[in-house]
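Taken together, the values in this text are just the output of simple stated rules run on the coordinates, not laboratory data. Note that this is a predicted model, so its numbers are computed, not measured. A quick note on method: Cβ atoms are made from the backbone with ideal geometry, for glycine too, and the neighbour counts reach across all protein chains shown.
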């Protein structure tokens, strides 16, 4: 990728900036100038609005890469996934901070920005999005402790039994 193209695409990569059709509401990443979902594509011309994706999503499908492309040999094995964002677009990206063998379809992830590669010894460092797992919150309520329970009363208003 040329340096000029790299800098032109920087806002989209660092912010997950997409576009939203103001006619039908469909969200796209990367941004589009025209909405292909609208029955008459011309009605969406100049009606595509900038839209910021949250980066939250879930794994739709993935593969474990064992034979890496040039420049990625030190990262194998790594997981490459299709992630459906909460806003709708499906993004492709590496899943990091996880043992690839434990990744599963439906796992919640969020976008994180990491170094992708370098161009030459003194070249440009390319950063972009990857995905990291979201720690699932425990849906169970916290256990009650004896100190958290109300003290027993003997029935008289304002009187409390000794604990």
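Tabulated values for the structure
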quantity: Difference of contour (0.36 nm per residue) and Cα-Cα distance, residue 113 to residue 60; calculated: 17.0 nm
quantity: Residue exposure sequence - 26, 112 - by fewest surrounding Cβ within 10 Å; calculated: 112, 26
quantity: Percentage relative contact order, region 54-133, counting C-alpha pairs under 8 Å, at least six apart; calculated: 30
quantity: Kirkwood-type radius of region 54-133, with distances r between different C-alpha atoms, in Å; calculated: 13.1
quantity: Sorted by Cβ neighbour density within 10 Å, fewest at the top, the residues 73, 58; calculated: 73, 58
quantity: Sorted by Cβ neighbour density within 10 Å, fewest at the top, the residues 72, 51, 131; calculated: 72, 51, 131
